[in-house]
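A short worksheet on the structure shown next.
The values are calculated or read from the model by the stated rules, or taken from the named source; none is laboratory data. Computed from a predicted model, the values in this text were never measured in an experiment. Cβ placement follows ideal geometry from the backbone for every residue including glycine, while neighbour counts extend to all protein chains displayed. Just the protein is used for accessible areas: all its heavy atoms, side chains included, with ligands, DNA and RNA removed. Shrake-Rupley method; radii C 1.70, N 1.55, O 1.52, S 1.80 Å.
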Amino acid sequence: MKILYHHRTRGEDAQGIHIRALCDAFRELGHEVHMVAPLQRRLPEHTDDDDIPPAPAAKSSDDGDARPTLGGVPIPFWVYELLSLAYNGPAMVLLLVAVLRHRPDFIYERYSLFSFAGRLVAWLTRRPLVLEVNAPLSLELQTHGDLVFRRLAQWIEDWLCRRANRTIVVTRAMADIFAARGVPRERLLVMPNGVDGAHFHPGVEGSTVRAHYGLQQARVVGFVGWIRPWHGVDGLIHAVAGLRARHPDLHLLIVGDGPAVPALRQQVEQAGLEACVHFTGPVERAAIPAHIAALDIAVQPDVTDYASPIKLFEYLALGRAVVAPDKPNIREVVQHENGALLFPPREWDALAEQLDRLLADDAWRQQLGDQAAALVESQGCTWQANARHVIESVRQAAPSVGVAT
């Protein structure tokens, strides 16, 4: 098939990783992918999470800044929202030209706030539309941002989900949100994020990373990702601080950068933990597997209630013992003591208890890591499997599509 992929993401983040990985998977399966985006930039080499429209930045599906900016200068949310609406004009022109040039079998669009150009072009050119929704942004921005045109945002969001031939959501928890808002369940396809099994697997070696930070004899707990205040890394530091007396060889490796890092460094300094907490700063994407492999225990301290965090799948695929919050969207992937240990959300002493269990029992920690790797393989949590699901869903929604190929 020929696929026209439309997005409004800057591409230096976890969402950019998602875009690149899925497009690569389509191509590996023999399909032809053409990209339409306002900013044609090299896709990511490090992990972070924010979806950025053509000019202003704003909080988005995995995580992002609650305050939009224009050229690095903060702007009111209503300005960002008007710019987002205005983007539909040039986006329609770009999409129409691309459809006429490439004659795609369907349009695949990564949903962004107030973006409806893909739906209009799909209707005008009679192409199926697959809409990928990574968060109910009208709800998320109402909670974490300062959304002004909330009713309009939700109306557009719901209209898009109802009108797309298929709407892909990353968790059942998100599907429940849209179903409660009137989107027919038969139009919703639950498809969690995935992992690139060629780069994330139990055979990856982390000894070089451990040697770089002097951790050869240490027990290493860690977090990998773009670090926002709501990621709960402060709670992870609190948990590690409480375990140091019992486990003097315990070290914490925080891999990545982000706006929460200055406050976290201050927290570490105030707690006197400089000798056992290590901040790597930004890390090249190609080096992420080795950094995860350097961990004995990988932690997802917190996550939004409907997200499908890519880092969780990467932890699992590398066969790390994982500790994560006990939330419904996390339980869609793992169960307590089956692939991970779960703790009540944001109860940091409970997180410390689960870490202590794993630190005290090497065999149990290894067993949990083996379970994690086997779970990824058995459930097919890969980008290529996701690409197959998309193609199958298009053929079910529009059986005549791609027949010639």
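Key figures for this structure:
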quantity	calculated
Region 216-365, Rg to Rh (Cα coordinates; Rh as Kirkwood inverse mean 1/r)	0.92
Cβ-placed point charges (K, R +1; D, E -1), dipole of the chain about Cα centre in debye, nearest 20	1660
Heavy-atom accessible area per residue - region 118-184, 1.4 Å, Å²	42
Residue-span extension gain [Q266 to Q216] - 0.36 nm each, minus C-alpha spacing	15.4 nm
Along principal axes, Cα extents of region 86-146, largest first, whole Å	40, 21, 15
Ranked order, K2, K311 - accessible area, probe 1.4 Å, largest first	K2, K311
Principal-axis tilt of helix 348-359 within the chain, Cα atoms, nearest 10 degrees	70
Sequence of H6, H389 from largest to smallest accessible area, 1.4 Å probe	H389, H6
Residue-averaged 222 nm ellipticity for the chain, from DSSP H runs of 4+ at -39500 (n - 2.57), nearest 500	-12500 deg cm²/dmol
Of G214, A180, G258, farthest towards positive along the dipole that unit charges on Lys, Arg, Asp, Glu beta carbons give the chain	A180
Accessible area in the full protein assembly, largest first, 1.4 Å probe, for H278, H336	H336, H278
C-alpha long axis of helix 261-270 to longest principal axis of the chain, angle in °	10
Percent accessible area from carbon and sulfur atoms, the chain, protein chains only, probe 1.4 Å	51
Å² per residue, accessible surface of region 191-293 at 1.4 Å	42
